[in-house]
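Report on the following structure.
The values are calculated or read from the model by the stated rules, or taken from the named source; none is laboratory data. Fair warning: this is a prediction, and the values are worked out from it, not measured in the lab. No Cβ is skipped: glycine too gets one built from the backbone with ideal geometry, and neighbour counts run over all protein chains shown. Side chains included, ligands, DNA and RNA excluded: accessible areas come from the protein's heavy atoms. Shrake-Rupley method; radii C 1.70, N 1.55, O 1.52, S 1.80 Å.
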Amino acid sequence: FSDYTANRGGFDLYMMDKSAGPAVAASSEIAGYGGYPIDVRNGNLYRTNTSNQYHYGNLNQLRISSLADIDGPTTTLNLIGAIGIGDIAVDTGSNSLFTIDYLTSAAIRRFDLETGLLLDTYDLGLDGLSAGITYAEGKLYHYDWVSDKGSLLSVYDVDYGTGITPVPLPA
C-alpha cells in the first residue's frame, strides 16, 4: 500500500503479510507529497510518478518494477492523454492500464501497457478525487468514499470493442 501521511518524514510504499505482522517499508522512496496510485499484478508493481503537490493532478506516468526488486530497474511510460490520475487498475490479459482522472466528473482512460498510448476514454462522470478503481475478470470496480456523502461501489463490464457498461448491483 502507499502512504500519503508522512510526506518527507517517511517512506511512501509499504507491504505486509496477509496473515500477520506489521507493515514494513517496501521501497526506499520518500517523496515530498508521499503516496501514489498503485496496482500489483503477476509479480510486478505498477505505480505512478510521485506528486509534487498536495493532489494527484500532475500524475501522468506509469512506473513498472518487479516485486523482487522494487527499487531496481524500472520501466517508465509517459501516458499520452493523461490529465491527472486518481487511481489505476491493470489488465495484463489485454495489456491495458485503466486510469481514473483526478477530477470531479472524471472519465476512465485506457492506455496501452507497453507504449503508454491512449486507447479509449470512457466519459462516466465519476468522482476521481476520492475514489479508487480495480480490475478483475472483465470488470472494473469503482469505489467512491466521499466522507460527507457516504460510500458507493459501482461495477462496469469491460468490452474492448464496445466500451464500459454499468452492471446493476443487487438490492
* To do: Could you give log10 I(q)/I(0) at q = 0.22 Å⁻¹ for region 1-127, computed by the Debye formula over C-alpha point scatterers of equal weight, without solvent?
  => -1.33
* Integer Hz, Karplus 6.51/-1.76/1.60 couplings in order for region 111-120, x for Gly and Pro -> 10, 6, 6, 9, 10, x, 6, 6, 9, 8
* Asked: Which of T99, T50, T115 moves most in a GNM of the chain, Cα contacts under 10 Å?
  -> T115
* Tell me which residues come under 5 Å, amide H to amide H, from L79 once H is placed; ignore anything under 5 positions away on its chain. => Q61, L62
* Asked: From Cα coordinates alone, what are the radius of gyration and Dmax values for region 90-168 in angstrom?
  -> 12.3, 39
* **Chain lengthening between K139 and S19 when straightened (0.36 nm per residue, less Cα-Cα)** => 40.5 nm
* Of the chymotrypsin sites (Phe, Trp or Tyr not before Pro) in region 126-165, those whose Cβ has at most 15 other Cβ within 10 Å and which sit in DSSP loop -> W145, Y160
* **With every protein chain in place, the chain: carbon and sulfur % of accessible area (1.4 Å)** => 53 percent
* To do: Can you tell me how much longer the chain between D157 and T74 gets when fully stretched, taken as 0.36 nm per residue apart minus their C-alpha distance, in nm with one decimal?
  => 26.8 nm
* Asked: Ignoring ligands, DNA and RNA, what accessible area per residue does region 1-75 give at 1.4 Å, in Å²?
  -> 54 Å²
* Structure fact -> Residue by residue through region 76-85, the couplings from Karplus 6.51 cos²θ - 1.76 cosθ + 1.60 with θ = phi - 60°, in Hz, x for Gly and Pro, are 10, 10, 7, 8, 6, x, 6, 10, x, 10
* Asked: For region 68-171, which trypsin sites (Lys or Arg not before Pro) are in a loop by DSSP, counting at most 12 other Cβ atoms within 10 Å?
  -> K149
